[in-house]
Structure formats: structure tokens, C-alpha cells
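These notes are about the structure you will find just below.
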Amino acid sequence: MEGTLQDALRRHFGFGAFRPGQERVVRAVLEGRDALVVMPTGSGKSLCFQLPALLMPGTTLVVSPLIALMKDQVDALAARRIPATFLNSSLTADESARRLAQLRMGHYKLVYVAPERFRNPRFLEALRETPLAMLAVDEAHCISSWGHDFRPDYLHLGEVVAALPPGVRLLAVTATATDAVREDIVRHLRLGQGGRAEPEVLVTGFERPNLSLNVTRVRTHGEKLERLLQIIEFFRTGVVYCATRRMVERVQELLAAHGVRALAYNGAMDDAERTRVQDAFMRREAPVVVATNAFGMGVDRPDIRFVVHWDVPGSLEAYYQEVGRAGRDGAYAWCELLFNYADVRTQEFFIESANPPAEHVYELYAAIRNACAQGENGEATLPPEGWAERAGLKSPLTVRALIALFERNGLLTRVRRVGSPHSTITVPKEGDLPALERICSALARKEAAERDRLRDLLDYVDARGCRHRFLLAYFGDHAPARACTKCDVCHPLAAFPPRLPADPERLVRLRKILSCVARLHGRGDYALVAAILRGEAEAPQWRALSTFGILPEPPAEAIARACEALEMDGYLSGMALTPAGYDLVLGRAPVPPIATFAGAAPADKPKRAAAARPATGLATALRTWVRQEAERRGLPAYMVLHSRTVAAIARKRPGTFEELALIQGMGEVKLAKYAEAILEIVSRYA
Ligand code: ADP
């Protein structure tokens, strides 16, 4: 059998080897067992049912809620000459009939259907005559009211399963399943029940050892921005997730004011606009995307080097899926959650809006029925805000969520008329009180579940143990424990903003060297690093780097020797930073025990008579400059330089870049942007 499975994999899909876990599931299914597969998005879950489907007689039904993706999946199979199709509401009656006839004749190996299809009598009739091999339930977490995407139609799948002839395999796959969700899946889908053999349960693939997981507590937007700019400066390519559309725009503007070109993406954009932004990011036209959680599906740029969460997400499922987009090429990637407790309120607001109390449900439905009763032809058309006002509800978000629920439960019908921006609603003759009651109790359960998941996320923020371990345990992945090299609990970040440790001068130098190497992205050698840092490199591309000329004093050999020492101590690997190198550069590692520059000790420098002159003239000049600079960049003044920093500069009168870099509040980004101007002003008062 060894050879045959591998051969089949190659023959049908052209893949050289199974990914972790796939083969185990395929074997279990072929042996006649049910299976529950929990693997992250993109890890290859589909193959777990597609390959056995081809190796067994009969048709495999694939239940999926994602109607929009069915066609793509079927097209991909068709391209591999695998007979497959889909049945959903997008088809004409004729086309549906044609496909049902083919289904009966056993023409297809795989047929994708939406869960509501099982309410369609013609489909059920066709099924009775179709020899089935397997029922594969994709996105199986939709069956659980504890999951983040509960769909009542999934619950009916239990009856479908109960009616399956013996021998038809059952496979449930999902990317997210905590214990409670997993129990729901097993129970509702009757895995291993009623005479079925014990199911194979596989939870794997959640480990992402190349991701560095960090939480940084911040108090203000200014602090968030400063940290984000540092991260962008180092990692260049990445995604910034915000909770709301408005915040996406705000962050994009802030970045633009600091010279960072970023794309903006949100769920309310139309399809063409979304595609345009995704394509621009994929084509590397801009290094950074600021986005709501709508961004990501279908974006598989492998070299995303950072994911920053400007706001807290609503659950660990969402969080892990979003950070999971970083580092798909397996190389080091940085994930940082900028945590401000106040932002939790936004998520609570989302939860409350999406799960209103019973009286709001009844009020809105009554308002809709009244409006239809009075409207022409029994119809009513209003924007969400209009409905909110009629029913005395606060949030149009609530209205949207409820109308969608009413529709799914047959309490109303929506049509979109050409030229009208809002749907027209009609209601059935009789009200359906039990359906309303069902909606209310489902909403109450969902609210409790969502609050639980938000609490889990806050536990993660406060975690006292390794963040990688925390997430693996959360997802139920029992990967063997390994030493963590990349999380801020195991390797604490220095206080924010990063403070300089005991020997600040040395650390500043080392960070400059590492920064310079990072910016070369693998090009050049240590001699080039020295030439750039000393300001001696000729080519314009080196002169344009923000590290050009920032370390003029140590001789070139000393810099090259320091590079070698950094390499020996594991901070550099050739022309690339190691994880420890990044830690050092980002201010979360202690000063390393490595050789520093000989002959350039700070004590050799002539001491200047600072503080002898009154600082006020200089302070005024600096403040004037800060104001002008702030105006020019369209920023509040404190974001250019904090008044504390201005005072410190006036007091200490730095004469060199190095001295300026030691002043609290002068981070990498500020140095790169303002050092020249500040040193010039200080020199006028020297
Ligand atoms: P999921 O459903 O887990 O999100 P998919 O099933 O869509 O992921 O698979 C993601 C990608 O991985 C697809 O492009 C698929 O063709 C590819 N893939 C799956 N299994 C293998 C394999 N064994 N070798 C190489 N590529 C694979």
C-alpha cells in the first residue's frame, strides 16, 4: 500500500509527498473509519477528503458554507481532470436538473453543496439513488453554537448522517476547534456513534515556530504609532490589523505622514476595489497594508515579515489566523499585539451589537411587519439606520445582523431592486413566534460564547507562560514541547519604549550594525556594512539607507570585527539577522557578552562643557522647530518630539549622532528622520 498512496498523490495531484497528518487521515478513511481533522487554514485539509474520494467507489458529498469558493474548488479539481461539480443557489433550474441527473448516474467523484441543499426535496430524491462513498463536512465548527460562525443549517446534518447507508464514511474538517466545539462536532455529526467505528481525531499543524509572538502594552495612539514605525522600519513588509474601518483610514494617514506608503483595505469596499488592493500588495507595489479582519482570504504572499495588531481582535481563533499570514515562507516573522485595555471595549461593542437582547429582536421584527403592512404591495425599503430609528435600536450593525437572521429563519424575504441602495423587504402573512423565540435563545448563547472567547484572548495577553504553548494548548494541538526561542514571555521585551540597558553606548553601536545588515537584505559583506555606517559607500542605493553615516567614528576594521563577533555569538548568520539578532535590535535582549570596539571607548572622547550655558534659548529654538515640523507633517507636535525629549536635548546638548541616540525618546525612526536637523540646531547654540 505504501507505494500506491504516494503514487496516487502524485498521479492525481502532482504532489511529491504528504503534508503532516494527511496520510494518517487518508488511511483511516480508506480503512472505513470516520475522522475529525483540525488543521490550520492553508495546511491542506481538502486533500484529506479529495484523495480518498478518488480511491473509493461512489460519490463524495462535500458540505461547505462558502458558496463563493465552491466554483474555484471545482475548477481546480476540473483542471486535474477530476469529475467534480457543485450545487447551490447560483445555478439556473435547468443547470441544477442537469447536474442532479449526472449525480444519479454516478458521474461525479466530488459534489460540493451548501448545507441548506439538504432541505431541497429534489436533491434528497436524487441522493437516494446515488451510491455515496463519503460525506465530508468542511468548516465543521459551524455546527457548534460555541464556534465563531454558527449556522443553524449545519444542525440538520445530524439527521442527514443518521439516514446515511452503512459504510458511507464521515469526515469533518475545520481550522478552529476548541474542546467545546470539538465535542459539539462529534456529538451532532454522530462521529463514532450508532454502530460507527471510533473516529480518527487529528489535531495538528498549529505550530508556527518561525513566528515571534509579542504583546506590547501601550497607553496612547502615539505609543502605538511609534512602535509600529519601528517595526515597519525593520521588517518592511507586513499587515497592520485594525478593528474598524475608521481606524484603518486613521492609521493609513498617520503612516503616510511619516513617509510610509501603505494600502488600506476594509470589508465595506466593493469587490473591484478589494481585488485592486490585494493585487497591488501581491505585486509588491506597497510594502504595508492596513486592514480590517476582512483582509487575508486568498492573499498568500509568502514573504510577509510582520503582522501588527493595532487593536485587540475578538478571539484567539481570529488572532492566530491573522498572525498566521506572516512568514509563510518559513523565515522569521514578527507578530506584535499593541494592547491597550481601552480597545477591548470596541470588541465588547461588536458582541453587543451582533447579539441584541430579546426585546430588541421583537421590536425590530414588529417594526418591519408594521412597515410592510402599511407599505405599497406589502413591501418596505429602508436603510439600516432607518430601521434602527423605527425600532428604537442604537446600532445599524444590530439591524443588519438581525435582518440577516430573520431572513435565514424564513421570517422575511429580501430583494435588491436595480438602482436602489437598500433591500426591499416582504414578510410572510403569519408571524412565526417560535422562530423568534429560537432566534432569541440562540443569540443569548452566542453572546455568552463570544464573551468567553474574548476572555480567552485576554488570558493570552496576560499569559505567564510561553505564548506558543498557550496557543497550541488552546487549539488542542499536542505537538511535542520544544524550547521557545520566540515569544516575549520566554524572552521578555524591554519596557516600552525600549530602554537602553547598562552599557547603552555599546548597545547603540551594535544595534546600528545589525540595523545596517538588516537593511541590506542579504546583499554585500561586512566591509560594505562598515563603509555604509561610516558614510563612505559611494553608490546612491547605499547613501539612501537610513543607516548611512550613522557610525562614523570606529575604524572600518573595528566594525567588521564587531560583525564577526556578532556572528560568533549567534546574532548574525552571514548577512542575515538571527532571531536573537532581531531581539537585540528591537530592544528585548540584554547587552550581549561580545567584544566591542577597541580604541573607540567613550572615555577617549573629549568631554564638552555641557550645562554651562543656559538651556532656554536652545529649548525655544527646538520647540519652534518641532512646531514647524509638526505642521509640515500634519501631526500633533508631541509625535514629532515629546516635550520631555526636547527638554532632555536642551539639557544634554548632544554634539554627535551617538549622543543624540542616547536621549530617551529618540528611537531609531526619530533618529533617521530628525537627527540631522536637531544636531544642526544644537550646534548653533554650542
Ligand atoms: P485548507 O483547506 O487546509 O485551508 P487547502 O486544502 O486549500 O488548505 O490546501 C492549501 C494548499 O496546499 C492548496 O494549494 C493545496 O493544493 C496545497 N497542498 C495540499 N496538500 C499538499 C501536499 N501534500 N503537497 C503540496 N501541496 C499541497
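What to note about this one:
- Scanning segment 538-556 for residues that are out of contact with any Gly (no Cβ under 9 Å at 6 or more places or on another chain) and either surrounded by 14 or more Cβ atoms within 10 Å (Cβ to Cβ) or closer than 22 Å to residue 667 by Cβ (or both) returns 544, 545, 546, 547, 553, 556.
- Some residue of segment 190-199 being modelled with pLDDT of 85 or more, of a type outside the set (Asp, Glu) and either within 16 Å of the ligand (Cβ to nearest atom) or under 22 Å from residue 408 (Cα atoms) (or both): no
- Among residues of segment 302-316, those that are part of a loop (DSSP other than H, G, I, E, B) and touching a residue at least 40 places away in the same chain (Cβ under 8 Å), counted: 9
- Residue 570 falls short on exactly one of the conditions (1) surrounded by fewer than 19 Cβ atoms within 10 Å (Cβ to Cβ); (2) assigned to a helix (DSSP H, G or I), and that condition is (2).
- Whichever residue in segment 246-298 is part of a loop (DSSP other than H, G, I, E, B) and hydrophobic (A, V, I, L, M, F, W, C) and, among such residues, is surrounded by the most Cβ atoms within 10 Å (Cβ to Cβ): 295
- Residues in segment 44-55 that are within 16 Å of residue 201 (Cα to Cα) and either more than 6 Å from the ligand (Cβ to nearest atom) or of a type in the set (S, T, N, Q) (or both): 46, 48, 49.
- Subset of segment 460-494 [modelled with pLDDT of 90 or more, surrounded by 19 or more Cβ atoms within 10 Å (Cβ to Cβ) and in a loop (DSSP other than H, G, I, E, B)]: 466
- Condition broken by residue 320, with the remaining ones in (1) over 23 Å from residue 225 (Cβ atoms); (2) at pLDDT 90 or above; (3) outside any helix (DSSP H, G or I) satisfied: (3)
- Residue tally, condition over 18 Å from residue 118 (Cβ atoms) and away from the ligand (no atom under 11 Å from the Cβ), over segment 63-72: 2
- Residue 122 being surrounded by fewer than 21 Cβ atoms within 10 Å (Cβ to Cβ) and part of a loop (DSSP other than H, G, I, E, B): no
- Qualifying residue in segment 149-167 (condition: of a type in the set (D, E, K, R), part of a helix (DSSP H, G or I) and in contact with a strand residue (DSSP E or B) (Cβ under 9 Å, 6 or more places away or on another chain)): no
- Lone unmet requirement of (1) more than 23 Å from the chain's Cα centre (by Cα); (2) of a type outside the set (Phe, Trp, Tyr); (3) not in a strand (DSSP E or B) for residue 136: (3)
- Yes/no for residue 133 being touching a Pro at 6+ places or on another chain (Cβ under 7 Å), more than 22 Å from residue 67 (Cβ to Cβ) and surrounded by 17 or more Cβ atoms within 10 Å (Cβ to Cβ): yes
- Test result for residue 506, of a type outside the set (Val, Ile, Thr), modelled with pLDDT under 90 and buried (at least 19 other Cβ atoms within 10 Å of the Cβ): yes
- Out of 60, 4, sole residue that is away from the ligand (no atom under 11 Å from the Cβ) and either more than 20 Å from residue 112 (Cβ to Cβ) or within 29 Å of the chain's Cα centre (by Cα) (or both): 4
- One residue stands out among those in segment 16-38 that are more than 10 Å from the ligand (Cβ to nearest atom) and acidic (Asp, Glu): the one that is nearest to residue 138 (Cα to Cα), which is 34.
- Selection of segment 57-81 for residues being in a loop (DSSP other than H, G, I, E, B), touching a strand residue (DSSP E or B) at 6+ places or on another chain (Cβ under 7 Å) and over 17 Å from residue 173 (Cβ atoms) yields 57, 58.
- Qualifying residue in segment 88-98 (condition: more than 15 Å from the ligand (Cβ to nearest atom), out of contact with any Ser or Thr (no Cβ under 8 Å at 6 or more places or on another chain), among the hydroxyl-bearing types (Ser, Thr, Tyr) and in a helix (DSSP H, G or I)): yes
- Yes/no for residue 77 being within 14 Å of the ligand (Cβ to nearest atom), in contact (Cβ under 8 Å) with a residue 24 or more places away in the chain and surrounded by fewer than 19 Cβ atoms within 10 Å (Cβ to Cβ): no
- Of all residues making up segment 386-442, the number that are closer than 20 Å to residue 151 by Cβ, among the hydroxyl-bearing types (Ser, Thr, Tyr) and in the same structural domain as residue 376 (by TED's automatic domain parsing): 2
- Test set (1) in a helix (DSSP H, G or I); (2) in contact (Cβ under 8 Å) with a residue 40 or more places away in the chain - residue 425 fails condition number: (1)
- Residues located in segment 229-245, provided they are part of a helix (DSSP H, G or I) and of a type in the set (Phe, Trp, Tyr): 234, 235
- In segment 155-179, residue surrounded by the fewest Cβ atoms within 10 Å (Cβ to Cβ) [restricted to those that are away from the ligand (no atom under 16 Å from the Cβ) and within 22 Å of residue 43 (Cβ to Cβ)]: 179
- Residue in segment 185-196 that is surrounded by 22 or more Cβ atoms within 10 Å (Cβ to Cβ), touching a residue at least 40 places away in the same chain (Cβ under 8 Å) and in a helix (DSSP H, G or I) present: yes
- Taken together, the residues in segment 353-398 that are free of Cβ contacts under 8 Å to residues at least 60 places away in the same chain and either part of a helix (DSSP H, G or I) or polar (S, T, N, Q) (or both) amount to 29.
- Filter pass, residue 557 being in a loop (DSSP other than H, G, I, E, B), among the acidic types (Asp, Glu) and at pLDDT 85 or above: no
The values are calculated or read from the model by the stated rules, or taken from the named source; none is laboratory data. Note that the structure is predicted; figures quoted are calculated from it, not measured. When we count neighbours, we look across all protein chains shown, and the Cβ atoms used for this are built from the backbone with ideal geometry, even at glycine.
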